[in-house]
Amino acid sequence: MSIQYNERDKTFTLHTKTSTYQMVVESHRYLLHCYYGDRIEGQNLSFLIQPQDRGFAANPPDAEGDRTLSVDTLPQEYSTFGVGDFRESCLDVRNADGSVAADLRYSEHRIYKGKKALAGLPASYGDPEQVDTLEIDLEDAVSGVCVTLQYSVFEEYDILARAARVSNQGAHTLMLDRALSMCLDDPLPVQKDVITFYGRHMGERNLERTALRHGKIRVESARGASSPHHNPFVILCDAGATETSGACCAFSLVYSGSFMAQVEVDQTDSSRFVMGIDPQTFSWELKAGEAFQAPEVLICYSTNGLAEMSNKLHRFQLRHLVRGPYKTKRCPVLVNNWEATYFDFDTEKLLALAEAAKEVGIEMLVLDDGWFGRRNSDTTSLGDWFANTEKLKGGLGCLGRRLRGMGLEFGLWFEPEMVSPASLLMDEHPAWCLKMPGRANATSRSQCVLNMGLAAVQDYLFDCMAKIIREADLAYIKWDMNRSITNAYSDELPAHRQGEVWHRYILGVYALLERLVQAFPELLIESCASGGGRYDAGMLYYSPQVWASDNTDAIDRLAIQYGNSFGFAMKTMGSHVSVCPNHQTGRTTPLTTRGLVAMAGSFGYEMDLTRLDAQEKRQIKRQIAQFKEQWAIHQLGEYHRLTDPRKNHWFAAWQVVSEDRCISLVTIVVREPIANPPVLYVKLRGLEPTGVYTDEQGGRYTGAALMSAGLVLPPMRGDYPSVQVQLRHI
Ligand code: GLA
C-alpha cells in the first residue's frame, strides 16, 4: 500500500516510486503539510515545521496563549480565508449570516485501494492494483462545511491525483466564493523556478521560466476555456533543474474552463502553490446536504529533471487519462480540407481530394467547417447541424458511402457550443444563448455562445450529432470551440447564483462529450479551440487528439510542439503537413521538413492534394509509409527535447527512443543556415552507454559516445532543411 497512516505520530505518508508526500494532524487538529520531495522511508518529517511566534499572527480561540499556533504561519494542507491565514485561500465560504470564514480541522479519514470517479468531471482512473486512495475530512464546526481532500497515488508513475469535495453538513445554505482543487505549502525556504506556458492564437505554448520571488506569480484564464493565453499546466523545479537533473514537479489541472494557478512566497521564504477553478468566474450555492466537487490536479514528481517528468506524464496520460481504442492505437492518417478549400467545396471537389488522398496512402477525409446550414463564410449557421445539400448533393450519408467505397474513413467538423445570430437555431431558441438582461451580446467571429448548462441544449446537440454520426457512419469528429465566453448569464438561475454559469457551462460540455463517448465508443474525437486554445488534461479524457495550432508553419510549430511536449503526450498532438507558401506565415519550407515536424504528433495533411506534381506525390507516399512504420516510436516511445528553441536559433532537435529501446530516431531541423559553421553537434539521451548503435550510413557509435560527445550534424544548407537520423542498437 502506497499510503500509510501512523496513529502515534498522526502522519499520513504517500509514497510513489521516487517521491514521498507527508502531512501531519497537529494537536489542535490542523492538517499541516510536512514534505513533498525525494522518497524518504520510515521518517516522521514534521520536524521540518518549526512553529514560531512570527509577530502579530492571528491565533485561534483554542490556542490558549500559544502564539506559535497560527494558520497564517503554519503550512496548511488546504487553506481558507477568514480566520487568520492571509496567504492565498483555497476556500472562501460565505455563511448564511454574510460572514466569510471556515476554520477547517481534521475529523476522519479513509484509505482504500482503487479510485472513485469524480461526478460529472474528467479524472484519471486505475484498477485497485494500480492506485490507492486517501480521503481526509476537514470540518468547520460553525458552518458545518466539510472539505474532503482526495489523494490518489499512482505509485509506478510518481503521480498523485489531488482533488477536493466541499459538502454542506450544516443546516443553512452557504455560498462558495471559491473552491480550489489543491494547495501545496512548502515549509522550507524556496530556491525554485516556476515554468508556465503563455501564448496566443497561432502561437500557443511558449515556455517562460521565472525564479520565485516574494509575492505572487499567477497565470489564469477567465475566458471560459483554458485558453491559448495561459495553460493549466505549471512546473515548479529546483532553480538549477535541467532536462536531466534537479527535482521537478508538474501540476496539470484536469479541467477545461477558466482556471488559476499561483505560487506565492511569503514572509519566511516558504512557498504556497494553489490551483483550481478561476475564482473570478465562480461562485456556487451549497444548500444543506449538497456537495461541490472541485476538479482534479495531476501532480508528477521527478528527481532527475524535466525530461523524466514529461515522459512519466506522457505514459500516464495514455494509460490512465485518455480513454477508448486510440489510447495506444494509431490514429488514422487524415487529410483535412480546411486549408485545401476553406468554405469553397462541393461533393465533387471533396471526392477529387479523397481520390488524391487515397492514392498516397491517406486513410480518412475530414470535412471541416462549411458543410451545414447556409454556411459559406464564418458569419452564419452555427447551430444548424444539418447538411447543406446544395454543396453536398445527396447529403452526408451519400458522401460517407462514396468515401468508404474508396476505402477511406469519414470525419466531420462540429462547433457544438456555438450559435450564429444568423441561424435557424437562434430564431427558434433565442433563450438557449448566453445573454445578459438588457444588454446586447458581444460577438466574436460573428458568433454567440450556447448555454451548455441547459439540458435542452445538450439534448438538441446530442440528437443532431448522433443522427449525423450514424447517417454518415463517421469514424471521427473534430470538436471545435472558437471564441471566449462573454455575457455569461442564465435565465434559469436566480441573480445570486449567476456565478455558477461558467462552471455549469463546462459541466454541460463534459456531459455532452460523455454521452457521445458512451454512445459511440469507437469514435475518434479531436478537440480544437481555434487550434490549441483548450489543450488541457480535461479534454484528453474525451478526446485522444487535440489540434495543436491553427499555425501549420513547420518552423513555428517547432516551438509550439516543444512547449506542448512538457505536459502532453506526443500522441495527443494533432499535427499536419500543409502547403507552401504557408497560409499563416507566407514561409516556404521543404516538404521533407514539413513531414518530419508533423510526424512528431498525430500525423495528417491539410492541403489540396489534387495539385501535387508527380514528385510531390511520390514524396508524400514515402512520408506516409515512413510514418506508418515509425508511428509507435514517435507516439509511444520516450521523448527527448535536445534543443531549446529560446536558446538555439540555428537548429531544433528532438529524439524518440522505442519502447524496446532498440531504435532511436533523431530529428534535426535547421532554423537558420550558417556560413562557415562550427562543428554542429547534439548530445543524445536515453541510450545504453555500452551499447553499440549504427546509423543508416553505416556509422557505428557507442551509446556513451552519442550521449557524452554527441552526434555530429550532417552538412545542411538552404532554407529550413532537415534530417532524421535512425540509430539501431545492435
Ligand atoms: C478554427 C479551427 C480550424 C478550422 C476553422 C474552421 O479556426 O482551429 O482548424 O477548423 O476553425 O472555421
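The values are calculated or read from the model by the stated rules, or taken from the named source; none is laboratory data. Here the structure is a predicted model, which is why all the values come from computation and not from measurement. Don't worry about glycine lacking a Cβ; one is built from the backbone with ideal geometry, like all the others, and counts go over all protein chains shown. These area figures cover heavy atoms from the full protein model, side chains too; ligands, DNA and RNA do not enter into them. Shrake-Rupley method; radii C 1.70, N 1.55, O 1.52, S 1.80 Å.
Assigned to a loop (DSSP other than H, G, I, E, B) and either more than 20 Å from residue 88 (Cβ to Cβ) or open to solvent by 20 Å² or more (accessible area, probe 1.4 Å) (or both): does that describe residue 244? Walk me through how you get there before you give the answer.
Working: assigned to a loop (DSSP other than H, G, I, E, B): yes; either more than 20 Å from residue 88 (Cβ to Cβ) or open to solvent by 20 Å² or more (accessible area, probe 1.4 Å) (or both): yes.
The answer is yes for residue 244.
Within the stretch 444-458, is there a residue that is within 16 Å of the ligand (Cβ to nearest atom) and either open to solvent by 60 Å² or more (accessible area, probe 1.4 Å) or not assigned by TED's automatic domain parsing to the domain that holds residue 505 (or both)?
Yes, there is a match, as at least one residue in the stretch 444-458 is within 16 Å of the ligand (Cβ to nearest atom) and either open to solvent by 60 Å² or more (accessible area, probe 1.4 Å) or not assigned by TED's automatic domain parsing to the domain that holds residue 505 (or both).
What are the pairs, 6+ residues apart or on separate chains, where a residue within the stretch 550-561 that is not assigned by TED's automatic domain parsing to the domain that holds residue 338 and among the basic types (Lys, Arg) has its Cβ under 8 Å from a residue that is modelled with pLDDT of 95 or more and within 16 Å of the ligand (Cβ to nearest atom)?
557/548; 557/549; 557/551; 557/575; 557/598
Within the stretch 381-412, how many residues are acidic (Asp, Glu) and either part of a loop (DSSP other than H, G, I, E, B) or more than 34 Å from the chain's Cα centre (by Cα) (or both)? Reasoning before the result, please.
Going residue by residue through the stretch 381-412, those that are acidic (Asp, Glu) are 384, 390, 409.
Retained after the next criterion (residues that are either part of a loop (DSSP other than H, G, I, E, B) or more than 34 Å from the chain's Cα centre (by Cα) (or both)): 384, 390.
Selection size over the stretch 381-412: 2.
Within the stretch 675-696, count every residue that is outside any strand (DSSP E or B), farther than 22 Å from residue 561 by Cβ and in contact with a strand residue (DSSP E or B) (Cβ under 9 Å, 6 or more places away or on another chain).
Of the residues in the stretch 675-696, the ones outside any strand (DSSP E or B) are 675-680, 683-691, 695-696.
So of that shortlist, the ones also farther than 22 Å from residue 561 by Cβ come out as 675-679, 687-691, 695-696.
The next check asks that each one be in contact with a strand residue (DSSP E or B) (Cβ under 9 Å, 6 or more places away or on another chain); those that pass are 679, 687-691, 695-696.
Number of matching residues: 8.
Select from the stretch 487-510 the residues that are over 23 Å from the mean Cα position of the chain (by Cα) and not charged (D, E, K, R) and list them in ascending order.
487, 488, 489, 490, 493, 494, 495, 496, 498, 499
Pick out the one residue from 96, 117, 101 that is closer than 30 Å to residue 1 by Cβ and either open to solvent by 10 Å² or more (accessible area, probe 1.4 Å) or not small (Gly, Ala, Ser) (or both).
One residue alone meets the criteria, 117.
If you go through the stretch 657-692, how many residues are touching a helix residue (DSSP H, G or I) at 6+ places or on another chain (Cβ under 7 Å), touching a residue at least 40 places away in the same chain (Cβ under 8 Å) and farther than 14 Å from residue 713 by Cα?
4
Just one of 631, 650 is closer than 23 Å to residue 715 by Cα, surrounded by fewer than 21 Cβ atoms within 10 Å (Cβ to Cβ) and of a type in the set (A, V, I, L, M, F, W, C); which is it? Step through it out loud before you land on a result.
Details: 631 fails: closer than 23 Å to residue 715 by Cα.
Result: 650 is the single residue among 631, 650 that is closer than 23 Å to residue 715 by Cα, surrounded by fewer than 21 Cβ atoms within 10 Å (Cβ to Cβ) and of a type in the set (A, V, I, L, M, F, W, C).
Could you give every pair whose Cβ atoms fall below 6 Å, whose first residue belongs to the stretch 39-68 and is assigned by TED's automatic domain parsing to the domain that holds residue 300, and whose second residue is part of a loop (DSSP other than H, G, I, E, B) and aliphatic (A, V, I, L, M), counting only separations of at least 6 or pairs across chains?
Correct list of pairs: 59/69; 63/69.
Quick one: which strands (runs of 3 or more DSSP E) lie wholly within the stretch 1-42 and hold at least 3 residues that are open to solvent by less than 40 Å² (accessible area, probe 1.4 Å)?
Details: elements: 3-6, 11-15, 19-25, 31-38.
Fully inside the stretch 1-42 and qualifying: 11-15, 19-25, 31-38.
For the stretch 413-429, how many residues meet the condition of being open to solvent by 10 Å² or more (accessible area, probe 1.4 Å) and either in a helix (DSSP H, G or I) or among the hydrophobic types (A, V, I, L, M, F, W, C) (or both)?
Residues flagged as open to solvent by 10 Å² or more (accessible area, probe 1.4 Å) and either in a helix (DSSP H, G or I) or among the hydrophobic types (A, V, I, L, M, F, W, C) (or both) within the stretch 413-429 amount to 5.
For residue 586, only one of the following conditions fails: (1) out of contact with any Cys (no Cβ under 6 Å at 6 or more places or on another chain); (2) touching a residue at least 24 places away in the same chain (Cβ under 8 Å). What is its number?
Just one mismatch for residue 586, condition (2).
Could you check, for the stretch 357-367, whether at least one of its residues is assigned by TED's automatic domain parsing to the domain that holds residue 443, open to solvent by 30 Å² or more (accessible area, probe 1.4 Å), in contact (Cβ under 8 Å) with a residue 12 or more places away in the chain and part of a helix (DSSP H, G or I)? Please lay out each step first, then the result.
Kept after step one, since they are assigned by TED's automatic domain parsing to the domain that holds residue 443, are these residues of the stretch 357-367: 357-367.
This time we only want the ones that are open to solvent by 30 Å² or more (accessible area, probe 1.4 Å), so: 358-359, 363.
Next, only the ones that are in contact (Cβ under 8 Å) with a residue 12 or more places away in the chain stay: 358-359, 363.
Subsequent filtering for residues that are part of a helix (DSSP H, G or I) retains 358-359.
Yes, the stretch 357-367 contains a residue that is assigned by TED's automatic domain parsing to the domain that holds residue 443, open to solvent by 30 Å² or more (accessible area, probe 1.4 Å), in contact (Cβ under 8 Å) with a residue 12 or more places away in the chain and part of a helix (DSSP H, G or I).
Can you name the number of the only condition in (1) farther than 30 Å from residue 248 by Cβ; (2) among the polar types (S, T, N, Q); (3) more than 16 Å from the ligand (Cβ to nearest atom); (4) crowded, with 18+ Cβ neighbours inside 10 Å that residue 310 fails?
Here residue 310 clears every test but (1).
Is it true that some residue in the stretch 486-504 is within 16 Å of the ligand (Cβ to nearest atom), surrounded by fewer than 23 Cβ atoms within 10 Å (Cβ to Cβ), in a loop (DSSP other than H, G, I, E, B) and of a type outside the set (Lys, Arg)?
Checked the stretch 486-504: no residue is within 16 Å of the ligand (Cβ to nearest atom), surrounded by fewer than 23 Cβ atoms within 10 Å (Cβ to Cβ), in a loop (DSSP other than H, G, I, E, B) and of a type outside the set (Lys, Arg).
Check 398, 331 and return the single one that is touching a Leu at 6+ places or on another chain (Cβ under 7 Å) and either away from the ligand (no atom under 11 Å from the Cβ) or at pLDDT below 95 (or both).
Going through 398, 331 in turn, the sole match is 331.
Could you list all residues from the stretch 295-337 that are touching a Gly at 6+ places or on another chain (Cβ under 9 Å) and basic (Lys, Arg)?
319
Name the residues in the stretch 381-390 that are within 16 Å of the ligand (Cβ to nearest atom), surrounded by 20 or more Cβ atoms within 10 Å (Cβ to Cβ) and not acidic (Asp, Glu), would you?
Once the filter is applied, which keeps residues that are within 16 Å of the ligand (Cβ to nearest atom), surrounded by 20 or more Cβ atoms within 10 Å (Cβ to Cβ) and not acidic (Asp, Glu), the stretch 381-390 yields 381, 382, 383, 385.
Working only within the stretch 353-389, note down all residues that are under 30 Å from residue 613 (Cα atoms), of a type in the set (D, E, K, R) and touching a helix residue (DSSP H, G or I) at 6+ places or on another chain (Cβ under 6 Å).
Listed by number, the list holds a single entry, 368.
Which count do you get for residues in the stretch 108-139 that are free of Cβ contacts under 8 Å to residues at least 60 places away in the same chain and more than 28 Å from residue 540 (Cα to Cα)?
Looking only at that region, the number is 4.
Given the criterion open to solvent by 30 Å² or more (accessible area, probe 1.4 Å), closer than 15 Å to residue 321 by Cα and of a type in the set (D, E, K, R), identify the matching residue among 514, 522.
514
Where residues in the stretch 104-120 are part of a loop (DSSP other than H, G, I, E, B) and out of contact with any Gly (no Cβ under 8 Å at 6 or more places or on another chain), which of them is nearest to residue 217 (Cα to Cα)?
104
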